[in-house]
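J.: Sharing a structure below in C-alpha cells format, with a few things to ask.
The values are calculated or read from the model by the stated rules, or taken from the named source; none is laboratory data. None of the values given here were measured: they were computed from a predicted structure. Neighbour counts run over all protein chains shown; Cβ positions are idealised from the backbone, glycine included.
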Amino acid sequence: MGSQVIPPPGSGEENILPVNLREALEERYLAYALSTIMNRALPDVRDGLKPVHRRILHAMRLMRLLPGSGFKKSAKVVGEVMGNFHPHGDQAIYDAMVRLAQAFAVRYPLVDGQGNFGNVDGDNAAAMRYTEARLTEVANLLLEGIDEDAVDFRATYDGEDEEPVVLPGAFPNLLANGAAGIAVGMATNIPPHNAAELCDAALHLIKHPNATAEKLLELVPGPDFPTGGIIVSPASDRLEAYASGRGTMRVRARWEKEEGARGSWAAIVTEIPYQVAKGRLIEQIAGLIEARKLPLVGDIRDESAEDVRIVIEPKSRTVDPDLMMESLFKRADMEVRFSLNMNVISEGRVPKVMALRDILAEWLAHRKEVLLRRTRHRLGKIAHRLEILDGYLIAYLNLDEVIRIIRESDEPKPELIKAFQLTDVQAEAILNMRLRALRKLEEMEIRKEHEALTKEQADLTDLVASEERQWKCVAFEISKVRKSFGPDTELGRRRTSFAEAPEIDVDEIQQAMIEREPVTVILSEKGWLRTMRGHLTDFAALAFKEGDRLKIAFPAYTTDKIVLFSTAGKAFTLEAAKLPGGRGHGEPVRLMVEMDNDQDIVTAFVHDPAAKRLVASAAGNGFVVAESDMVANTRKGRQVLNVSGADEAKICVVAKGDHVAVIGQNRKLLVFPARQLPEMSRGKGVRLQRYKDGEISDVRFFDGEEGLIFEDSAGRSHSRSFGDLSEWLGERAQAGRMAPQGFPKSNRFSPAT
C-alpha cells in the first residue's frame, strides 16, 4: 500500500495569506540582488576584498598560517573557511584561494602556495588535497592590527563565531591587485596597479586633498599587469578612465626581433596580455595560420620554460616585422581591450563607480579610522595597566599591612579595598601577585614601566586630539609600504610599460591578412558577380544563367579592392577576397551593395589609389575624379556624379592623357585639351559635348604625341595622329563634327569600353 496523505485538521484557510505576486517577486528578487552585490560580487573599496577572500585570509590567520610558518593543506583551509565563515561550495572557495596565489593572476599574491597552483598556459591547479598554503607579507599587511579593535566584527552565518566586516588594509589592495565580478545589474573590472605608484599618489593626496586627475595620472600612469605587456592607449584615454571610473585600455604583447642565420629572423614574444591563456593563444594563432588568415606568418612554436618565449617565424625573410606583428595584433589575442569599470562598495554600504582620486581618498580615510581605533584600543590597555601598577605601588608602600590582611582575613579582597581605597582590578592584581615579585628590584621595574606608560599615554592622547599628527602617522605607514614594494624591489618594479602603436596603414594590414592570389573578376549583364582563380584569357567557356551574358571581366588579385560604378553616379567598393568564387554563377550585386532595382552597373575595375577617372552622364556632363575619392566604406556606396530626372551616369573611364575625345550617339566627334576638365570629388560636372538630339556615346583620353587609337568590332586597331584630328579639335562643350571614315558603327572607341 502507498503512503496515505493525511490533510491537516480544519480547512486550513485561516493559514492562507493573499500576496500580490508582483510585489512578492520584486521583494524577493531585490533581496537576491542586494545579497549578490554586497556579499559576493563587488569588492569593498577599503580593503579591496570580496567576502570570500576576506574570510579565507581571516581563517588562515586564525590557523596561524603566517609568513615564515609552516604550510598546511589547502583542503584544511577550505574546510575551515566553509565550516566557520563561508556557507558555499568548497570548489568555489578553493578557486578563489587559488587565484590569490597565482602570480600571473594577481600582481601581489596574498596566498603563498606550495604545489601546482595552475599556470599561465591556462592549466588548472591541482586538487586541494595536494596543494598547501600560507599567507604572504602582503596579506599580513592587510590583517595588521585586526586584534587591536581596528575594525568591526559581525556574527558569522551560524551565529557561533565572529568575522571582520572589513580588514584594516595597510596595503592599497583594491587597485594594486584589481578585482573582477558580475553582480545583478552591475559588474566590476579593476586592473592591477603598481603599489609604489599608488603609495606615491596617496601621499600626494594627503598633502593635496584636491589633487587633479592629471596630477594623479603622472603618479599612477596606468595599470601594471602581473604578466607585463605594453599599454598602447593614449594618455587622454587613461585620464578619462581614471577621472570617471570607466574606460578601455589596449594592452598588447611585448616582442622583439631576433636575428638568425643568413638573414633570417623571428619575432620573440616575451610577455602576453593580462588574462590571456598562453596555450589557447598559440592554438588560436596556429588555427589562423592553417586557415590562411595570417599569410605573413610561417610558423609558431612555444619555447617557454619559467619565462614566456613564443617564437613566431615569418613566411619569408622579406616580410616586414612590424606589419606581421600588426596583423597578429589585429586578428589574435596578442592585443586585447581591457574594460576598466571601477564599481566598488563605498563606505561598506553603497555600490558605485568611483574615480581614482575617490578610491584613494576612501582608503586613506579608512587608514585614519584604523589608526584612531588602534590608538584608542592601546590607550585602554595602557589605562588598565597603569591602574594595576598603581595598585602594586600601594602594595609595596604598605607591604607589611597587605601581608597581614591576606594572612588574617577570610575575605582579604574587600578588606584591601577598604584599607587602601583600591579598585576591584587593583585588589585582584595584588592578590594574584607572586611572592617572588615582592623583591625590591621589582618595585623599581614597576616605577620604570609606570613612567614609560604614562609618557606613551600622553603621546597617544595628543595623537587622538591632533588630525595633523594622525595624517603624519598614516603617511609614515604608507611610506613604509612604499619602501617594501619600491621600484628597486623584485616584486615592486613596474612590469607593464607604455608606448604608442606604430603608425601602419589599416589597408596595408588588411591586405597583409589576405593571401595574394590571381583571380579574374566576372560581372554579367544582369548583375551577377563572381571570381575565378587565375587570370583567364578565354571567356567563351564561361557559363551564365539563361538569358544572361558577360558584361565585363578583368584580372585582379585577392588583395585588391574592386570599385563598381552605377547608373545613379554612385561608387561601391568590394574586396576581391570576399567575392563569391567557384564554378557557380556568383551572387547578385544587389545583395552585396545597397542599389535600387531601377539602377544598373556601368562598369567595374580594380582600384588604383594613384589613378584618376572621368565620369560622365548620358546628357554629356562630367568631370575628372581621383579613384581614392571613389572608395566607399559602407554598403550604401559613395555619391560621385550627381544626376537628376531621366539623366543617368554612363561613362567611367581612365583619365590619363593630355586630350579628350568625345563621341555622341549622333556620331559627332569632338577632341579638346584635358586641362579644360575640372577635377572634383563630387558634383554634376561640366558639359563635355553639346547635343541637339541623343546623348553621349563614349569618351577616351589620349596623348597628342601618340594619337587617337580605336578598335573596330573585328578587333582591328586604327590610329589617327594628332595632325589628322585637326578638324575635330575644338573647345569643350562644342558640338563636334562627323566621325572620320572607318570609325566603328557602334560609336565606341573599343568594343569592350
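J.: Going by what's in this entry, would L143 be described as assigned by TED's automatic domain parsing to the domain that holds S35 and within 30 Å of P273 (Cα to Cα)?
T.: no
J.: For the range 99-115, name all the residues that are in a loop (DSSP other than H, G, I, E, B) and either within 22 Å of G228 (Cα to Cα) or charged (D, E, K, R) (or both).
T.: Those that are in a loop (DSSP other than H, G, I, E, B) and either within 22 Å of G228 (Cα to Cα) or charged (D, E, K, R) (or both): Q102, A103, F104, A105, V106, R107, Y108, P109, L110.
A quick yes/no check of all residues on (1) without any contact (Cβ under 8 Å) to a residue 24 or more places away in the chain; (2) within 19 Å of T567 (Cβ to Cβ); (3) in a strand (DSSP E or B):
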| site | (1), (2), (3) |
| --- | --- |
| V643 | no, yes, no |
| V653 | no, yes, yes |
| K656 | no, no, no |
| V660 | no, no, yes |
| N666 | no, no, no |
| V671 | no, no, yes |
| S681 | no, no, no |
| K692 | no, no, no |
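Quick grid of which residues meet (1) surrounded by 15 or more Cβ atoms within 10 Å (Cβ to Cβ); (2) of a type in the set (F, W, Y); (3) in the same structural domain as L641 (by TED's automatic domain parsing):
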{"site": "K526", "(1), (2), (3)": "yes, no, yes"}
{"site": "A541", "(1), (2), (3)": "no, no, yes"}
{"site": "V602", "(1), (2), (3)": "yes, no, yes"}
{"site": "F605", "(1), (2), (3)": "yes, yes, yes"}
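J.: Would you check if A355 is closer than 30 Å to D200 by Cα, surrounded by 16 or more Cβ atoms within 10 Å (Cβ to Cβ) and touching a Phe, Trp or Tyr at 6+ places or on another chain (Cβ under 8 Å)?
T.: Considered against the rule, which asks whether it is closer than 30 Å to D200 by Cα, surrounded by 16 or more Cβ atoms within 10 Å (Cβ to Cβ) and touching a Phe, Trp or Tyr at 6+ places or on another chain (Cβ under 8 Å), A355 comes out as yes.
J.: Checking L198 against (1) surrounded by 19 or more Cβ atoms within 10 Å (Cβ to Cβ); (2) among the aliphatic types (A, V, I, L, M); (3) part of a loop (DSSP other than H, G, I, E, B), which single condition isn't satisfied?
T.: Checking L198 against (1) surrounded by 19 or more Cβ atoms within 10 Å (Cβ to Cβ); (2) among the aliphatic types (A, V, I, L, M); (3) part of a loop (DSSP other than H, G, I, E, B), the one that fails is (3).
J.: Could you say whether any residue in the range 130-137 is assigned by TED's automatic domain parsing to the domain that holds L62, farther than 20 Å from F171 by Cβ and outside any loop (DSSP other than H, G, I, E, B)?
T.: Taking every residue of the range 130-137 in turn, at least one turns out to be assigned by TED's automatic domain parsing to the domain that holds L62, farther than 20 Å from F171 by Cβ and outside any loop (DSSP other than H, G, I, E, B).
J.: Name the one entry in L65, L42, L57 that is in contact with a Lys or Arg (Cβ under 8 Å, 6 or more places away or on another chain), surrounded by 21 or more Cβ atoms within 10 Å (Cβ to Cβ) and modelled with pLDDT of 95 or more.
T.: One residue alone meets the criteria, L65.
J.: Is it true that V624 is in contact (Cβ under 8 Å) with a residue 40 or more places away in the chain, assigned to a strand (DSSP E or B), within 51 Å of the chain's Cα centre (by Cα) and within 27 Å of G694 (Cβ to Cβ)?
T.: Considered against the rule, which asks whether it is in contact (Cβ under 8 Å) with a residue 40 or more places away in the chain, assigned to a strand (DSSP E or B), within 51 Å of the chain's Cα centre (by Cα) and within 27 Å of G694 (Cβ to Cβ), V624 comes out as yes.
J.: Please go through (1) crowded, with 17+ Cβ neighbours inside 10 Å; (2) among the charged types (D, E, K, R); (3) not in a loop (DSSP other than H, G, I, E, B) for R748 and return the number of the only condition it doesn't satisfy.
T.: (3)
J.: Of everything in the range 627-648 that's loosely packed, with under 14 Cβ neighbours inside 10 Å and within 39 Å of the chain's Cα centre (by Cα), which residue is modelled with the lowest pLDDT?
T.: Selected residue: N633.
J.: Check the range 149-163 and report whether any residue there is at pLDDT below 95, within 20 Å of Q102 (Cα to Cα) and not basic (K, R).
T.: no
J.: Which of the residues belonging to the range 708-736 are part of a loop (DSSP other than H, G, I, E, B) and under 15 Å from I663 (Cβ atoms)?
T.: Listed by number, the residues that qualify are D712, G730, R732, A733, Q734, A735, G736.
J.: Filter the range 259-278 for residues that are surrounded by 14 or more Cβ atoms within 10 Å (Cβ to Cβ) and either touching a Pro at 6+ places or on another chain (Cβ under 6 Å) or of a type outside the set (F, W, Y) (or both) and give the result.
T.: A266, A267, I268, V269, T270, E271, I272, P273, Q275, V276, A277, K278
J.: So, one more: If you take the residues of the range 138-170 that are part of a loop (DSSP other than H, G, I, E, B) and among the small types (G, A, S), which of them is surrounded by the most Cβ atoms within 10 Å (Cβ to Cβ)?
T.: G169
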